[in-house]
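The values are calculated or read from the model by the stated rules, or taken from the named source; none is laboratory data. Note that this is a predicted model, so its numbers are computed, not measured. Cβ: placed from backbone, ideal geometry, glycine included. Neighbour counts: every protein chain shown. To get the accessible areas, we keep the full protein, side chains included, count just its heavy atoms, and leave off ligands, DNA and RNA. Shrake-Rupley method; radii C 1.70, N 1.55, O 1.52, S 1.80 Å.
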Amino acid sequence: MTHKLPDVFSKNRSEETREDIWADFVVPPFLNELGIKTQSKAIVIVGGRGCGKTTLLRYFCHATQFSAKRQNITQADLLHVGLYWRADTNFLNSFAGGGQTPETWRAAFDHVLACELGKEIIQAVRNLNCNPERQHEYGKLDELDLEAVQDFDETLGRTLHDLDRTLQKSRRKMSAWLNNLETLPHPTFLSAKEFLKTLVAALQEQLPYLSNSTFAVFIDEYENLRIEQQKFINGLLKHGAPPLLFNIAMKRNGWHTTQTMGPESIQLISDYREIDLEEEVARDFDLFAAELLFFRLAEHEPDLLDRLPIVPDQLRSIDHISHRYKNENYRARVIEGAERLLPRVIDRAAAKEILADPRLREKLSAKIGEALLRRKSLIPPSSFIDDKYPEASTLMPALLNRPREDPDSLLAEFEALKTGKESRLLPTESLVSNNLFGCVNAIYLEARRPSILFSGFTSLTLIARENIRHLLELIHRIFKVFEASANGDLPVVPPAVQAKAVKEASELILGTVSGHGVHGAQLYNLAQCLGSIFLERHKNDRQSEPETNHFTLAGGDLNEKLRMYLREAEKWSVLYLGRETKMKSAGAIDNDYILNPIFSPHFQISFRKKRSLPISAVQLLGMLEGDQRSRDGLVREFCRQNSGGDDHPDLFSETGA
């Protein structure tokens, strides 16, 4: 292979790639439905970390749309010119204090936008004319006279080259002023909106091929802006109009304010249209994820192309979306191909593995023995284990711990199974199908070994929960652990290898939570405490109920501090907000909070949304702000709660409860 497999999937952030992603972009199924290229008002793109916001923006901006790698650019492609700008947190947070008035800082921020976006417009025109063929078709850049921009500052250049140079110089002067507020005068501040409109008008007047173009600004990581800077941007969104529109992309709950600099606020529908990118990505994520897996392989290992179920050029083309997503044969072929690379253990194989592995079998026998001891039964544990019946054998610890199950009767039923008689322990019976996966996972927990249930391509898509960055990190870690043979074949990664790698990736991602914003330490405490509570409850010997893996607030004062923490947890994708499901007690409000399933391999808890745990406001605040001792006490408190019940659906089934 040309590249090591881990390297193929190591880049999982858009910031690690080039601005021009024309050759690297897999067109998602929803692309044509977003309406970005035909926009007439502002667009707000919302989504959690890693869902692809930055990649999407870069695709629609000039570096990609006017890429030199693109063979044909149509007149329709010129109607929308995307301009990208990402907020620099450290730089923009310095725009306060220093003896300067708020009005001065607002003007300084306005000036930064003018310089940065002015340079973006210039680069867009250059990218469109990036080679002799394009220059012949479009051109006329040397003939441009941009005298009109000198009305804002006489030192600005009149040619495209000189304007670019003087904008860069003005931007450098701005940085120098910030470091010498008391000794240097500030540069002449430009008004971004008016300056950009003037520049666009001059270009459209002198370059006929841009006469009908809309220049669309995309401001990324809007949530990192200061409140007064958000107010300024909100005004640009509210009052933007062709040929100059402003758009933003942000994490969920990224608004600090919806106010503008004036008395107005920005309003959904009237002033902007919202795109929830996570909702869009969720549709057909399994197929898109499989395509991305094979696209990365094809991109870096061209020798494998004839063995892959995809055609890379079709994945790059908007013309093939229908062929890909409305063709059931194609869908099945691609997803099945991904599942062959990353196979998942089926029910019987998982139970059979427990009986075949000496350590796991020993744990199974020990758990059966402990249950029999509690039931004061003298039956030897070996009587409940038979290699020919791995499913029933694996269920025995849970069944023997249930009060209504009599050990002697259960043994008689096991013997009946062996003689071919009717039995609840048949693999096709609901008792087995509803309990087997939970019981398998419990044995792996007892053995302190990564569970093979956290393997398989389909499982990875559920663990990643529509998060492309997390998906790529999981695959990267899998291939980093797996040493592929050098025979040029497609790799097939054993489930045990996958499970180990997925657990490592989960631990790594959990460790990054403490760096999530100013409240990262509290969010990390929350994730650790919730995961520990859910884990301990899953260790219940009876395995008698769906695993608890999310919570609902029940009781107590949901004050502003707690609301702030919950918003931050959702913003940083530590928690997801969902609808309330089945609960064992009444009195809860409707909001249901789901711990990000990317953490589930670390705690070895279900990555499917199952049963909700009622948590009071005081308990939740203790998880966030309490010391280690108090958080440990909360874990013990929840573990003492009686779970009860005997229904236990498959924890890892693909049908939600």
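Could you work out the relative contact order of region 256-315? I mean the mean sequence separation of Cα pairs under 8 Å and 6+ apart, divided by the number of residues, in percent.
Relative contact order of region 256-315: 19 percent.
To test your reading of the geometry: what angle, between 0 and 90 degrees and rounded to tens, separates the Cα axis of helix 520-538 from the longest principal axis of the chain? Once rounded, one gets 20 degrees. In sequence order, region 131-144 has phi-based couplings of 8, x, 4, 5, 4, 5, 6, 10, x, 6, 5, 5, 8, 5 Hz under the Karplus curve 6.51 cos²θ - 1.76 cosθ + 1.60, θ = phi - 60°, and Gly or Pro positions carry x. Quick one: angle between helix 560-571 and the longest Cα principal axis of the chain, in degrees between 0 and 90, rounded to 10, please. For helix 560-571, the angle is close to 90 degrees.
You can think of it this way: the chain between His186 and Ala201 has 2.6 nm of extra reach, that is 0.36 nm per residue less the Cα-Cα gap. What a 1.4 Å probe finds exposed on the chain is 48% carbon and sulfur by accessible area, rounded to a whole percent.
What percent do you get for the relative contact order of the chain when only Cα pairs under 8 Å and 6+ apart count? Relative contact order for the chain comes out at 15 percent.
Set the Förster radius R0 to 41 Å, insert the Cβ-Cβ distance between Met564 and Ser175 as r into 1/(1 + (r/R0)^6), and round the FRET efficiency to 0.05. Efficiency, from the Cβ-Cβ distance: 0.75. Note on region 286-425: the alpha carbon radius of gyration divided by the globular reference 2.2 N^0.38 Å gives 1.66. Compute for region 344-445: radius of gyration divided by Kirkwood radius, i.e. Rg/Rh, restricted to C-alpha atoms, rounded to two decimals. A ratio of 0.92.
Counting helices only, and only those DSSP H runs with n ≥ 4, report the 222 nm mean residue ellipticity of the chain as the sum of -39,500 (n - 2.57) divided by its residues, in deg cm²/dmol to the nearest 500.
The per-residue figure over the chain is -14500 deg cm²/dmol.
Here region 85-124 has an Rg and Dmax of 11.7, 38 Å, counting Cα atoms alone. With the cut-off at under 14 Å, measuring from each backbone N in region 314-341 to a point 7 Å along the Cα-to-Cβ line of Asp284 picks out 314-335.
Taking amide H positions as modeled 1.01 Å from N, with prolines and chain starts lacking one, the residues under 5 Å from Val81 and 5 or more places away or on another chain are Thr214, Phe215, Ala216.
A full extension of the chain between Ala412 and Val492 corresponds to an added length of 24.6 nm, given 0.36 nm per residue minus the alpha carbon distance. Note on Phe91/His320: beta-carbon distance plugged into 1/(1 + (r/R0)^6) with R0 of 51 Å gives a FRET efficiency of 0.80.
Principal axis analysis of the Cα atoms in region 199-238 yields extents of 39, 16, 14 Å, listed in decreasing size. Pairs Lys37/Lys251; Lys363/Lys388; Lys326/Lys500: which exceed 30 Å Cα-Cα? Among Lys37/Lys251; Lys363/Lys388; Lys326/Lys500, the Cα-Cα distance tops 30 Å for Lys326/Lys500.
How about region 419-481: which GluC sites (Glu not before Pro) there are in a DSSP loop, with at most 10 other Cβ atoms within 10 Å of their Cβ? Answer by residue number: Glu422. The ellipsoid that matches the Cα gyration tensor of the chain has semi-axes, each √(5λ) in whole angstrom, of 55, 30, 19, with the longest given first.
For region 397-536, the alpha carbon convex hull comes to 171 Å³ per residue, rounded to a whole number. Near Ile275, the amide H atoms lying under 5 Å from its own belong to Val44, Ile45, Val46; only residues 5 or more places off or on other chains count, and H is placed 1.01 Å from N. Sorting Lys418, Lys376 on solvent-accessible area from highest to lowest, probe radius 1.4 Å, gives Lys376, Lys418. Gain on full extension, evaluated as 0.36 nm per residue between Gln100 and Glu143 minus their Cα-Cα distance, stands at 11.3 nm. Solvent-accessible area per residue in the chain equals 43 Å², computed with a 1.4 angstrom probe and all protein chains kept.
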